[in-house]
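Nothing in this text is a laboratory measurement; each read-out follows from the coordinates by a stated rule. Bear in mind the structure is a predicted one, so any value in this text is a computation, not a measurement. Cβ coordinates were reconstructed from backbone atoms using ideal geometry, including for glycine residues, and neighbour counts include every protein chain displayed.
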Amino acid sequence: MGRLILQMNVTLDGCCDHTQVIADEELHQYSVDMMDRSDGLLFGREIYQLMESSWPAISSSGTGPQFLVDFARKLDRKPKYVFSRRLNQVSWQNSFLLKGPVSEEVPQLMAEGKTLLVNGGPGLGSTLAQLGLVDEYHFLVQPIVAGRGPQLLGGILDRLNLKLTGTKPFGSGAVLLSYTPVR
Amino acid sequence: MRKLVLFMHVSLDGYASDLNGGLDWIPYNEELEKYAEEVVAEVGSPVYGHTTYRMMENYWPTVLDNPNASRHDMEHAKWLQDVKKIVISGSMDIVEWNNTMLIKDNIAEEIKALKEQPGKNLVIFGSPGAAKTLLELGLIDEYLLTICPVILGGGKSAFHGDGEKIRLKLLSSRTLKSGIIAARYELEK
């Protein structure tokens with residue numbers, strides 16, 4: 001069986017707005033390591049479109065800091081699975097549109113033994129958590145009180161009990177916390 | 001100058017209590033009790049909102065008369081009895097517990113004056129309502145958060161301010177065996 005890793009940023013007041021992230025080299029290295037660990041990336045439509053609007057251009061132009069170009073090319077090569085009922089096609093290379101319900105598509109990918117990384121928006125993250133499909137949670141806790149924004153896994157209906165498996169403080173003051181679900 | 005510190009148990013999604021006001025998701029054990037004792041050691045005055053104050057006032061003085069109380073509880077009860085306690089509440093008129101100061105109005109001025117006094121820190125225990133007020137007034141200097149390994153999916157927000165973003169600096173973090181992360185932050189200057 002494969003593994004599903006859900007990775008999200010969260011502020012101290014539980015907000016998971018992706019704009020509340022302190023981007024630095026350590027965070028970048030972590031992202032690279034996670035990508036290397038995974039066989040594919042899983043997206044909801046919004047995050048996919050957000051990434052598609054910036055990364056392929058960096059990759060094809062080859063301009064900018066080398067580490068960003070390398071990262072963009074790594075993203076190009078990774079299989080990208082996109083959940084969307086609205087989209088009819090996806091044009092970023094190695095992208096695959098998934099039209100079926102999450103509860104069927106994800107177990108199918110997992111049965112192929114893939115390690116999948118979800119850079120979750122609140123919607124898909126909540127769905128995967130609620131369905132019990134997540135094997136590892138990685139929360140990057142930002143040293144920020146956001147004051148407003150979407151709540152971390154705000155769509156879950158039941159309390160989610162977790163077991164802490166790792167911690168790593170970053171120089172930025174963010175702390176990476178890893179958990180597995182208590183089943 | 002002494003500091004105003006917020007000490008609160010929070011879920012990963014930033015709640016202080018669940019949808020029913022419950023706290024059973026906090027893995028309370030000897031280690032957390034020990035950690036709380038360390039926090040208490042730096043307290044000059046505990047600060048409460050009215051709900052937490054009522055709970056404390058109704059419970060701790062009874063411990064003093066309880067011959068079966070544990071040594072830890074008895075010591076804590078004695079300490080609470082004597083220490084100067086601060087209550088922030090617009091709705092209360094009198095406080096009867098020994099050595100208790102009620103702040104109804106002019107909260108910022110009163111807290112600033114208390115900070116100027118010598119002694120150990122002012123520490124808010126739980127009290128999300130009072131914490132919100134103090135947060136909005138920009139009076140909280142440090143955050144002592146015990147982040148519990150649970151996502152509640154709803155409840156009472158631990159310290160929702162007025163929507164202003166607050167940038168903090170991580171001072172230290174420590175892992176308890178129960179999976180709690182005890183982290184200390186200060187306001188970014």
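List of remarks:
- Those residues of region B:79-114 whose amide nitrogen sits under 14 Å from the label point placed on B:Lys120, 7 Å along Cα→Cβ: B:79-85
- Residue-averaged [θ]222 nm for chain A, counting only DSSP H segments that reach four residues, each worth -39500 (n - 2.57): -9500 deg cm²/dmol
- For region B:111-189 and region B:60-97, distance of Cα centres in Å: 23
- Straight Cα distances below 15 angstrom link B:Lys156 to the aspartates and glutamates A:Asp13, B:Asp13, B:Asp18, B:Asp24, with same-chain residues fewer than 8 positions distant left out.
- Of B:Lys85/B:Lys165; B:Lys3/B:Lys84; B:Lys85/B:Lys120, those spanning more than 23 Å from alpha-carbon to alpha-carbon: B:Lys85/B:Lys165
- Across chain B, the longest run free of exposed loop sites, meaning GluC sites (Glu not before Pro) lying outside DSSP classes H, G, I, E and B with no more than 13 other Cβ atoms within 10 Å, spans B:1-95.
- Helix-only [θ]222 nm of chain B, DSSP H runs n ≥ 4, -39500 (n - 2.57) each, per residue, nearest 500: -9000 deg cm²/dmol
- Here's how it looks for A:Phe170: its modeled amide H is under 5 Å from those of A:Val175, A:Leu176, which are all 5 or more places away or on a different chain.
- Counted by Cβ distance under 14 Å from B:Ile94, the other residues give a net charge of 0, where Lys and Arg count +1 and Asp and Glu count -1.
- The order of A:Leu153, B:Leu139, going from fewest to most other C-beta atoms within 10 Å of their C-beta, is B:Leu139, A:Leu153.
- Proximal lysines relative to A:Lys99, as straight alpha-carbon distance under 24 Å, when same-chain residues fewer than 8 apart are discounted: A:Lys78, A:Lys80, A:Lys114
- Sparsely packed chymotrypsin sites (Phe, Trp or Tyr not before Pro) within region B:96-189, loop by DSSP, other Cβ within 10 Å at most 16: B:Trp97
- Using a simple spin-label model with pseudo-atoms 7 Å out from Cα toward Cβ, B:Lys112 and A:Thr19 lie 3.2 nm apart.
- Taking other C-beta atoms within 10 Å as the exposure proxy, B:His72, B:His50, A:His28 rank B:His72, A:His28, B:His50 from fewest upward.
- Taking 0.36 nm per residue of separation and subtracting the current Cα-Cα distance, fully stretching the chain between B:Asp82 and B:Asp24 would add 17.9 nm.
- Distant-in-sequence amide contacts of A:Leu98, defined by a placed amide H-H separation under 5 Å and a gap of 5 or more residues or a different chain, comprise A:Val82, A:Phe83, A:Ser84.
- Whole-angstrom gap from region A:105-142 to region A:13-79, using each part's C-alpha centre: 17
- Förster radius 56 Å - calculated FRET efficiency between B:Asn58 and A:Leu87 (Cβ-Cβ, nearest 0.05): 0.45
- Ordered by the count of other Cβ atoms within 10 Å of each Cβ, fewest first, A:Val182, B:Val5 give A:Val182, B:Val5.
- Reachable lysines, given that their alpha-carbon falls under 18 Å from the alpha-carbon of B:Lys34 and they are not under 8 places away in the same chain: B:Lys78, B:Lys177
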